[in-house]
Amino acid sequence: MAPTTPLMTVLLWGLIRGPLACPPDASQPEPADPVADTVSAPAPMPVAVPLADYEPIDLSGFPVFVEPDLLADRSWPRVRAALLFDLELVADRLPAPALGTVRRTPILVTLRTPPRPEWAGASAACCHVSPGWLTANGYDAARAGTVEILHADKYLLWRAEQPMMLLHELAHAYHLRFGYQEPLVLAAYRAAIDTGRYDAVAHTLRPEGEPRRAYAATNQQEYFAELTEAYFGRNDYYPFTREDLVHHDPAGTAAVVALWFGEPPGEQRDVDNARARAGKAPPAREPWPAND
């Protein structure tokens, strides 16, 4: 695992997730932007298509922004079908008040993002947190507060063993609205670490193999996102399901229930702000069933 630094932009996935797939801690207050504070510092070369160039569409009530290169790629119909399925599943599983909040998170879909050494090969999807990190590393600040599928082909491939991976990233964005120091999640995470609850668990690709440290043990952000996967669907690390989670980690279950079924947090970032930054008008909505 890379050394911990203040508020980095990404909470990333690995093919079989582990400490090396996790970026530095994103729970600390954002530091002063070193690029903005240094007048003589040259602007970094852009490494991604600006959000303003993405095309807005609506899938199951979620605001989705698609890179033009992906729209022109032969993989787009399959990517769109997978996205629609995953977002309909999220809409079906989440309680209505929380779903309304989650649907304000813009979802970016990119054909292929250039790899970064610190990502350790984990480049399928992320939740962008820090405008300062984005601009200092060649990305546009408009990505802050969004979830991005960084590599469309990897997204299609990794869904096999990580079927709730999109919910995982949306859970990061939802958790961020409460703050990553939210006390219920933080207390449950610390208790789980202190007791070694996630030190050695099974993985879905090796259910009978040697146990390994769960991705949930990485930090409180990954803890909440991983437990959210188990509660509303299926995770790739044990606890796999809601039944497993209730048995394995009652305090973590209670924290997940409190955040998802309690009063939604204030809207710190919403899709209208993202669209304004991107210079795009809201897309025409496709109808979707009401969530009970």
> Based on Cβ point charges of +1 for Lys and Arg and -1 for Asp and Glu, what charge dipole magnitude is obtained for the range 46-182 about its Cα centre, in debye rounded to the nearest 20?
Replying inline: 140 debye
> Where the Cα atoms of the range 40-164 are projected onto their three principal axes, how long is each span, largest first, in whole Å?
Replying inline: 50, 33, 27
>> When a/c reaches 1.5 or more, the comparison of a/b and b/c decides; with that in mind, is the range 126-242 rounded, prolate or oblate per its Cα gyration tensor?
In response: oblate
>> Taking the Cα of residue 93, stepping 7 Å toward and past its beta carbon, and measuring to each backbone N in the range 121-157: which are under 20 Å?
In response: 124-128, 147-150, 154-157
>> P(r) for the range 160-222, please, calculated from all Cα pair distances in 5 Å bins and given in %.
In response: 4, 16, 20, 22, 20, 13, 4, 1
> Going by the alpha-carbon gyration tensor, a ≥ b ≥ c the square roots of its eigenvalues, is the range 93-171 rounded (a/c under 1.5) or, if a/c is not under 1.5, prolate (a/b greater than b/c) versus oblate?
Replying inline: oblate
>> Could you check the spin-label model distance between residue 258 and residue 116? Points 7 Å from the Cα along Cα→Cβ, value in nm.
In response: 3.2 nm
> Which length gain, in nm to one decimal place, applies between residue 181 and residue 247 when the Cα-Cα distance is subtracted from 0.36 nm times their residue separation?
Replying inline: 21.3 nm
>> Let me test this: with uniform point scatterers at the alpha carbons of the range 193-241, what is the Debye-based log₁₀ I(q)/I(0) at q = 0.28, 0.29 1/Å?
In response: -1.07, -1.12
> Can you sort 182, 169, 208 so the residue with the fewest Cβ neighbours within 10 Å comes first?
Replying inline: 208, 182, 169
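Computed from the coordinates by the stated procedures, all read-outs in this text should not be read as laboratory data. Keep in mind the model is a prediction, meaning the values are calculated, not measured. Note that each Cβ is placed from the backbone with ideal geometry, even for glycine, and that neighbours are counted across all protein chains shown.
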